[in-house]
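Here the structure comes first, spelled out in structure tokens, and everything after it is commentary.
FYI, it's all coordinate maths here, none of it is from the lab. Note that this is a predicted model, so its numbers are computed, not measured. Here the Cβ is made from the backbone with ideal geometry for all residues, glycine too, and neighbour counts use every protein chain on show.
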Amino acid sequence: MNYIVLDLEWNQSAGKNDYELPFEIVEIGAVKLNRKFEIVDRFEQIVKPQIYHSIHFMTSKIVHVDKEELDRGRPFPEVMQEFLKWCGRKYIFCIWGTLDLTELQKNMCYYGMDELSAGPLKYYDIQKFFSLTYEDGKSRRALEYAVDQLHIEKDIPFHRAYSDAYYTAKVFMEINRKDPSVEKYVSYDVFMVPQSKREEIRVNFKTYAKYISREFTDKTIAMEDKAVSSTRCYVCGRTTKKKIKWFSVNGKHYYSLSYCKRHGYLKGKVRMKKTDTGNVYVVKTLKLISPEEAAEIWEKQDKLRKMRAEKRKAHKSSKR
């Protein structure tokens, strides 16, 4: 299996966006690494714009490409087919951050191309790997920051698709030298949502567990589903005791607190995500936390209760 370290540059409307595709890819750059983390090939192609023919000022500010160069490019479907052939049969995408694969698949969908996968697409987020290996696991740094921190030579300019893919590959190579086990922390792009229970994603990491659900027609039905609402301990598999049932602060994020007799408190977090069809799917994480962190969830729920009670009281007073 090879690692395809990918970076994209895209353009957008200079005015109001009336198109189905908010971001049009104008350049694809990639580096191919083998299992020994050796650079074995490169890919670099300009895509000729078919939607946004004027370069957005933010694009021209960040990406050093002019209209003449774009006009010499080739249509997206042609470049994309060539890129997929170049990738080969067995590979995993590696990107800096979380956006590129979603935008890549949106562009493919716009042109009626086959999907990259039938469900969530597994990939490596090298930005996350950098944080897990060298920092706190939560911070998210710019690519150039990571290059500087690791004393990687800057031998080509940043902010072109190939050069950013090249530097991302260099950072990944350094991460692998320090801690190859970081690859356990795989990410999933959910442009394609699981279509059935069997396709749902369930993965346990060292410090947390993640679950990605199939689609539901609304949030209420989603939260009533047993797999969504379950807070079973991801370490030992035991049923936990609910200390705080699922509650929501804003209708998008839900929280719970449970207790495992063997491993202690578990924080549950559910993020509701909308699909293009108006349905919802769930991304749930379960994480073991300290008693102090558990107290913060109690406090959060208590504040929410008081705030809602005050709103009800104010509403009743306004009717008198």
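Computed values, structure above
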{"read-out": "Counted charge near ARG35, where neighbours are those whose Cβ lies closer than 13 Å (Asp, Glu -1; Lys, Arg +1)", "value": "+1"}
{"read-out": "Signed unit charges on C-beta, dipole axis of the chain, positive-most listed residue ILE126, TYR111, GLN45", "value": "ILE126"}
{"read-out": "Within the stretch 169-231, chymotrypsin sites (Phe, Trp or Tyr not before Pro) in DSSP loop having at most 14 other beta-carbon neighbours inside 10 Å", "value": "PHE205"}
{"read-out": "Within the stretch 2-184: Cβ-based charge dipole about Cα centre, in debye rounded to nearest 20 (Lys, Arg +1; Asp, Glu -1)", "value": "540"}
{"read-out": "Selection from VAL282, TYR234, SER196 lying farthest towards where the dipole of the stretch 195-308 points positive, charges on Cβ", "value": "TYR234"}
{"read-out": "Long-range Cα-Cα pairs in the stretch 2-184 (distance over 20 Å), rounded percent", "value": "54"}
{"read-out": "Magnitude of the charge dipole, the chain, Cβ model with Lys/Arg +1 and Asp/Glu -1, debye to 20", "value": "3080"}
{"read-out": "3J(HN,Hα) from dihedral phi, the stretch 86-98, Karplus parametrisation 6.51/-1.76/1.60, rounded to Hz, x for glycine, proline", "value": "5, 4, x, 8, 10, 7, 9, 6, 10, 9, 9, x, 10"}
{"read-out": "Solitary cysteines of the chain, where the nearest other Cys Cβ is not under 4.7 Å", "value": "CYS87, CYS94, CYS109, CYS236"}
{"read-out": "Tilt relative to the chain, helix 100-110 - C-alpha long axis, 0 to 90 degrees, to 10", "value": "80"}
{"read-out": "Per-residue ³J(HN,Hα) for the stretch 187-192, Karplus 6.51 cos²θ - 1.76 cosθ + 1.60, θ = phi - 60°, Hz, x for Gly and Pro", "value": "10, 9, 8, 10, 4, 9"}
{"read-out": "Dipole in debye (nearest 20) - the stretch 200-320, about Cα centre, beta carbon charges: Lys, Arg +1; Asp, Glu -1", "value": "480"}
{"read-out": "Long-range Cα-Cα pairs in the stretch 121-220 (distance over 20 Å), rounded percent", "value": "49"}
{"read-out": "Size of the chain as Cα extents on the principal axes (Å, biggest first)", "value": "67, 52, 38"}
{"read-out": "Share of Cα-Cα pairs in the stretch 146-191 lying beyond 17 Å, as whole percent", "value": "44"}
{"read-out": "Ranked CYS94, CYS109, criterion: other C-beta atoms within 10 Å, fewest first", "value": "CYS109, CYS94"}
{"read-out": "DSSP beta bridge pairing in the stretch 2-184, given as percent antiparallel to the nearest 5", "value": "65"}
{"read-out": "Calculated FRET value between ASP218 and GLU82, using beta carbons and R₀ = 41 Å, to 0.05", "value": "0.45"}
{"read-out": "Ellipticity estimate at 222 nm from DSSP helix runs (n ≥ 4, -39,500 (n - 2.57)) divided over the chain, nearest 500", "value": "-10000 deg cm²/dmol"}
{"read-out": "The stretch 282-292 - phi-based ³J(HN,Hα) in whole Hz, Karplus 6.51/-1.76/1.60, Gly and Pro as x", "value": "10, 10, 10, 10, 10, 9, 6, 10, 7, x, 5"}
{"read-out": "Quotient of C-alpha Rg and 2.2 N^0.38 Å, computed over the stretch 195-308", "value": "1.07"}
